[in-house]
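To keep things clear, I will list the structure first and then write my remarks on it.
The values are calculated or read from the model by the stated rules, or taken from the named source; none is laboratory data. Quick caveat: nothing in here was measured; it's all calculated off a predicted structure. A quick note on method: Cβ atoms are made from the backbone with ideal geometry, for glycine too, and the neighbour counts reach across all protein chains shown. These accessible areas exclude ligands, DNA and RNA; they are computed on the full protein's heavy atoms, side chains included. Shrake-Rupley method; radii C 1.70, N 1.55, O 1.52, S 1.80 Å.
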Amino acid sequence: MRTPDSPPGFLTELPPTGMCLLHAKFYDPATARVTGVGHLYVQNNERVGDITPRLCALAGLPADTPLRMFEEIKPTLIDPMNTGVTFSSAEIQTGDIICFQVDDPSADACALPDIAHFFEDVQHRVRVRFVPKPAPQDADDFTAADTNGSSSEDGADAATVVLTLSTKTPYSTVAERVAADLGARDPNKLRFHKVSPVSQVRVPVEPTPTSTLSDMLPPSYYSQPNAVVEGLREFVVMYERLEVTLEKLGSMRSVRVTYIGRRMKEEHVLEVLVPKGSLSQALVEATYDKVEAALRAADKVNPPKPFQLTFFEVAAHRIVRQLDGSESIDQFATRPITSEIIAMHADAAAADPAAADPAARATMDTDDAAPAAPATVEVFHFTRDLARTHSVPFLFTLIPGESWTDTWARLSAKLSLGEKELKNMGVLYGPPGCQDLAACRWLQGVRGPADAAMSPASTGQHTPDSTPPPQPQPLPQQPEEVDDSLCLYDVAT
């Protein structure tokens, strides 16, 4: 019975004998919404299908509209009802909830075709923030378009996308929803990364025919109690914009290439995709395309000038070999982590040796070592000992008849260092494979008498540090294309 404290609409008295009170909910698959439409009394011996006109009236539908009915035992247990049996046979009693919807075959095309799918979606519904995968630490503006920026065929920018989804949403549907919000044309060029809230480890999600959103999320026991927004648990998933589709990515190999511009300070790291099993010529062509695209993006008014790149492999900051296009890409995958590929603008003097003044004096201070024809030498940095190398090596052209002053001017422009750094730098000239300073000749900076043996103990302006030097390691074998070594000696520590 109703009391003074009973809420409005409270049942004032029990239903008559042989009748029960039912609550009704109407579900619309087109909008995926459930609406409470009221309640009704039914006879226990009345057939379930006999209340169809009354339910239609509650939902504002024509009386002859065919309906599908469900019993909501609990949100996770929705049973379809047999409209040909009585309510007593169906074990329906006062207080039960009847859910109904229009019996329309076109509902099967909806994302949630019936009330059972709707409640299942509500149970697994979460809020997901899709954020761009951070660029590598050594990435810069030059390579921004190669990580999460706009690709040449996709005009979308990297942005955060927030979606409310079911954990059972298929992987392909998730990719389509994120791509649509990003304005990306091809959802197959998105790769998602699972993020652990404990260690922030990013694990790429491999799509399969049965993959769902739950495969992108960390285990439920990692969810934080305070990570709830609008009543939904919130997770973070990282996405990455790819140059190729995920299907094609499996047949590609990523090669890390360090691109050096016309000055040594113009250093950029590129991730270049090439087919597995291909030759280094494919790497050369892909790198050219990537560099040209980046240069076009940097200056959209003036097209990039024609340029020539030299490719070589580097280990321990020394050139191992110059690539000629015939090397297998798979060889680079087995190299130690210290090995890397360098792509550098070719020396302008090598392309035009006539630029040197033939009347200039050859004062290389190397006795008879002055080249009679343009010679290519390796330039590398070291500190105190030839085995203590650092920085990026490169190839440099020596021009016959060019004075050392002019040679040093070209070399300084290539290094693009400050005046103080250049002042504290010594230059040695040595034969290929040289591992002893005594076999080298000073061209500039720290030096002893003309015939004095060159060694780390020679007169110099450097200050010895207290750190014992590491054991010298054997230098990589010099490439056949390199005739001499031009060593840069850092005096300042």
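The packing ranking, built from the mean of other Cβ atoms within 10 Å per residue, places the peptides 249-256, 417-424 in the order 249-256, 417-424, highest first. Largest first, the residues K300, K25, K74 sort by 1.4 Å accessible area into K300, K74, K25.
When +1 charges are put on Lys and Arg Cβ atoms and -1 charges on Asp and Glu Cβ atoms, the dipole computed for the range 68-122 relative to its Cα centre reaches about 100 debye.
Accessible surface comparison of F26, F130, probe 1.4 Å, protein chains only, largest first: the order is F26, F130.
Evaluating 6.51 cos²θ - 1.76 cosθ + 1.60 at θ = phi - 60° for every residue in the range 313-324, the Karplus couplings come out as 9, 10, 9, 6, 6, 10, 6, 8, 6, 9, 6, 10 Hz, glycine and proline recorded as x.
Among the protein heavy atoms, those of I78 account for about 30 Å² of accessible surface (1.4 Å probe, every chain in place). What is the percent carbon and sulfur in the accessible area of the range 164-300, measuring with a 1.4 Å probe over the protein chains and ignoring ligands? Taking all protein chains in place, the range 164-300 shows 50 percent carbon and sulfur surface. Entry comment: accessible area of the range 241-306 is 57 Å² per residue, from protein heavy atoms only and a probe of 1.4 Å. Straight Cα distances below 19 angstrom link K248 to the lysines K189, K276, K290, with same-chain residues fewer than 8 positions distant left out.
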